[in-house]
Amino acid sequence: MSEKHGNLSITSENIFPVIKKWLYSDHDIFVRELVSNGCDAITKLKKLDLMGEYELPDDYKPKIEIIVNPEDKTMTFIDNGLGMTADEVDEYINQIAFSGATDFLEKYKDKANEDQIIGHFGLGFYSAFMVADAVHIDSLSYQKGASAVHWECDGGTEFDMKDGIYDKVGTKITLFLNEDSLEFANEYRAREVIEKYCSFMPTEIYLTKANAEEEYEEIDVEDKLDTDTVIEEIHEEAKYEEKENEDGKKEKVEVSPAKDKLKIVKRPVPLNDTNPLWAKHPNDCTEEEYKKFFRDVFADFKEPLFWIHLNMDYPFNLKGILYFPKINMEYDSIEGTIKLYNNQVFVADNIKEVIPEYLMLLKGVIDCPDLPLNVSRSALQNDGFVKKIQDYISKKVADKLAGMCKTEKEDYEKYWDDISPFIKFGCLKDDKFCDRMNDYILFKDIEDKYITLPDLLVKEEKEEADVTDEDGNKVDAEVVDEDDSSKKEDTPDENAEPEDTRTVVYYVTDKEQQGQYIKMFKEQGMNAVILDHSIDTSFISQLEQRNETYKFQRIDADVTDSLVEETGDDELNDEEKSLSEIFKKALSNDQLEVKVAKFKNKDVASMLTVSEESRRMKDMMRMYNMYGMGEDAFPTASTLVLNANNELVQYILNNKDGENVDLFCKQTYDLASMANAPLSPEEMTEFIKRSNDIMMMLTK
């Protein structure tokens, strides 16, 4: 072939400034593009061999070599793929194959540092000009009788192409780095970039430094390979140590036998894993391999809780591994990392679009050949195909969790506290996910035992059916004493609100603060669940909306009938009226609502109940930061419930004009408040002073 000078076939001379400035936000991505092209060339050559159109040499070993030369300021990429003829170089390199270049330039001229788009237009090779002043190509096609070709371009629209002297089937691309990109001629920087983009490419990748001194290693003779360069043969004599035998006499014992070794030029080690764990069948992977992969890929040495191996061929091709990491909620970021690959070629380091929002804590890799190599984030956001991937991942996560709950209940309970906020968030965001998880959501009860929602509801219904008598013995609620003439036949009230027949599930938000209520519940054989995450208010509201047969109520929202003795309708009216007046006066609060009941536990003087609706409204406002006008804009509806069986309450009732009654009323109210919520700093200061005054009274 005679020497050929020409112009690159493009419609605008501005293409190279666009490539250099706008097409990629990360200039180091040229390594991925050139290595990926080399992998493709090798894959095609192996396919030709399988099809019988080409015969690979017996010693053929597919590989890509990258050579850095800081002295010459070059970086060279060599593959032993199918190579190119002069006509193919002319077609694939000289003619930049995309339509509407002018429209393309106009569309993307203002998009510096945004989407990665070269791949949409076949421009991967030209990413080299982001870091190089000039690029040379030497290539020899696999085709019989083909001649080598040499091509070079200095970053303008002109090129030179002529016969070459390259004598190996494949392609060598040499980049003459510009002054701003000399870092890539550094061996350690090059290694960093290769490991970032090419860690799992399907062809072995080797990195060497030009003119570097050879390194050596010693191996056993039997480990020698035909390709090893032997520098020296080494014989090691056997080693002995003097030890005492059973008779106490010293004798020489061989501790290391004689060995024949070879000193060889150090074997090159590929920088990538050509058969990553996600590409294997889950049955072929061990637990230790999964943990090692997690450590190696994410540099995270905290063991993951568990993982999910994705392996799908239809209706789209997707493989990957997703890990639930162990997170310290107080210190760690809850955002995970999802690495996206295309046929083992790295695409992006943290593509959020392919993972449902509520699974952002996951760390993992996803390999989806059906996504374009240089897919842009905006394309992902508007792609219905990506929504299918999200749905698939959501289903796989739900299936994994449900399976663990059924067959690995002990492990599932062990992980639950770590993952529950995210599972609940998923239920709030995704109805399908909520449907799949509904029966496998765990609740920890006040006995520190875990229970599913279906089991919890059955248990609550049974407890509601049990009633205790005055001695605390359980009796059947359906049994009615027919001889009790005091019971009147109920007549329906047409104006009354319909009775709430939903099963009540009691819950606790703070085991220590609500310890008094918990104790009373346990005494009556009642149970409650722990809901102490900020998301729980929204979560239980959603559960109630989806199922009208039950409702959640905090244990201090009301004094349940199971905690008090049965009394006649008018029995406590007088006491309630008197105590209400006493407490309103002592607390200077005419709006205070006071009720009196006979608690089965006589040690409890009072309780402050806050309606469930009022508390939830306040929690929701706090969570969504809607207190622009101050929390007092949403007053909490609370009731002070006094225990008529308590000695202190009886003392106050019978000594309403006593000099210390006001003091006792305030103290009683604050004690009830503290079991409900923390006192304000001012209230706590007053409470402590009052406590000291009461203790001083005992010294007089």
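The values are calculated or read from the model by the stated rules, or taken from the named source; none is laboratory data. Keep in mind the model is a prediction, meaning the values are calculated, not measured. Cβ coordinates were reconstructed from backbone atoms using ideal geometry, including for glycine residues, and neighbour counts include every protein chain displayed. Areas reflect the complete protein model, heavy atoms only, side chains present, ligands, DNA and RNA absent. Shrake-Rupley method; radii C 1.70, N 1.55, O 1.52, S 1.80 Å.
In segment 207-217, the residue that is surrounded by the most Cβ atoms within 10 Å (Cβ to Cβ) out of those that are touching a residue at least 60 places away in the same chain (Cβ under 8 Å) and of a type in the set (A, V, I, L, M, F, W, C) is 207.
Evaluation of residue 29 against the conditions (1) modelled with pLDDT under 90; (2) within 39 Å of the chain's Cα centre (by Cα); (3) surrounded by fewer than 20 Cβ atoms within 10 Å (Cβ to Cβ) shows that the sole unmet condition is (3).
One residue stands out among those in segment 150-172 that are over 50 Å from the mean Cα position of the chain (by Cα) and not charged (D, E, K, R): the one that is farthest from residue 85 (Cα to Cα), which is 165. For segment 525-563, taking the residues that are surrounded by 19 or more Cβ atoms within 10 Å (Cβ to Cβ), more than 31 Å from the chain's Cα centre (by Cα) and of a type in the set (Val, Ile, Thr), the one that is modelled with the highest pLDDT is identified as 555. Residue pairs whose Cβ atoms lie under 7 Å apart, sitting 6 or more positions apart in sequence or on different chains, and linking a residue in segment 381-397 that is open to solvent by less than 30 Å² (accessible area, probe 1.4 Å) to a partner that is charged (D, E, K, R) and modelled with pLDDT under 85, are 386/353.
Restricting attention to segment 642-700 and to residues that are of a type in the set (A, V, I, L, M, F, W, C) and free of Cβ contacts under 8 Å to residues at least 12 places away in the same chain, the residue that is least open to solvent (accessible area, probe 1.4 Å) turns out to be 679.
What's the total number of residues in segment 538-565 that are under 11 Å from residue 507 (Cα atoms) and either touching a Gly at 6+ places or on another chain (Cβ under 6 Å) or not acidic (Asp, Glu) (or both)? Adding up the residues that qualify gives 7.
To keep it simple, each residue is scored yes or no on (1) open to solvent by 40 Å² or more (accessible area, probe 1.4 Å); (2) at pLDDT 80 or above; (3) touching a strand residue (DSSP E or B) at 6+ places or on another chain (Cβ under 7 Å).
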| position | (1), (2), (3) |
| --- | --- |
| 573 | yes, yes, no |
| 576 | yes, yes, yes |
| 580 | no, yes, yes |
| 585 | yes, yes, no |
| 593 | yes, yes, yes |
| 598 | yes, yes, yes |
| 620 | yes, no, no |
| 624 | yes, no, no |
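A count restricted to segment 218-276 and to residues that are open to solvent by less than 90 Å² (accessible area, probe 1.4 Å), without any contact (Cβ under 8 Å) to a residue 24 or more places away in the chain, part of a strand (DSSP E or B) and of a type in the set (Asp, Glu) stands at 1. Please verify whether residue 46 is open to solvent by 70 Å² or more (accessible area, probe 1.4 Å), part of a helix (DSSP H, G or I) and either in contact with a Cys (Cβ under 8 Å, 6 or more places away or on another chain) or modelled with pLDDT of 80 or more (or both), treating the condition exactly as stated. Yes. Entry remark, segment 144-173: residues being in contact (Cβ under 8 Å) with a residue 40 or more places away in the chain and open to solvent by less than 80 Å² (accessible area, probe 1.4 Å) number 17 in total.
Total residues in segment 277-299 satisfying the condition of being surrounded by 16 or more Cβ atoms within 10 Å (Cβ to Cβ) and either charged (D, E, K, R) or in a loop (DSSP other than H, G, I, E, B) (or both): the figure is 1. Filtered by the rule that a residue be in a strand (DSSP E or B) and open to solvent by less than 20 Å² (accessible area, probe 1.4 Å), segment 305-327 gives 306, 308, 310, 318, 320, 321, 322, 323, 324.
Note on segment 342-362: among residues that are closer than 14 Å to residue 201 by Cα and assigned to a loop (DSSP other than H, G, I, E, B), the one that is modelled with the highest pLDDT is 344.
Taking segment 502-524 as the range and being in a strand (DSSP E or B) and either surrounded by fewer than 15 Cβ atoms within 10 Å (Cβ to Cβ) or in contact with a Gly (Cβ under 6 Å, 6 or more places away or on another chain) (or both) as the test, no residue passes.
Scanning segment 675-695 for residues that are more than 14 Å from residue 665 (Cα to Cα) and of a type in the set (S, T, N, Q) returns 676, 680, 685, 692. Do we have residue 682 as touching a Leu at 6+ places or on another chain (Cβ under 9 Å) and modelled with pLDDT of 85 or more here? Judged against the criteria, residue 682 is not a match. Quick check on residue 283: is it out of contact with any Phe, Trp or Tyr (no Cβ under 9 Å at 6 or more places or on another chain), farther than 30 Å from residue 154 by Cα and not hydrophobic (A, V, I, L, M, F, W, C)? So residue 283 passes the test.
Quick check: is even one residue across segment 363-371 at pLDDT below 80 and farther than 30 Å from residue 217 by Cα? Within segment 363-371 (the criterion being at pLDDT below 80 and farther than 30 Å from residue 217 by Cα), the answer is yes, since at least one residue qualifies.
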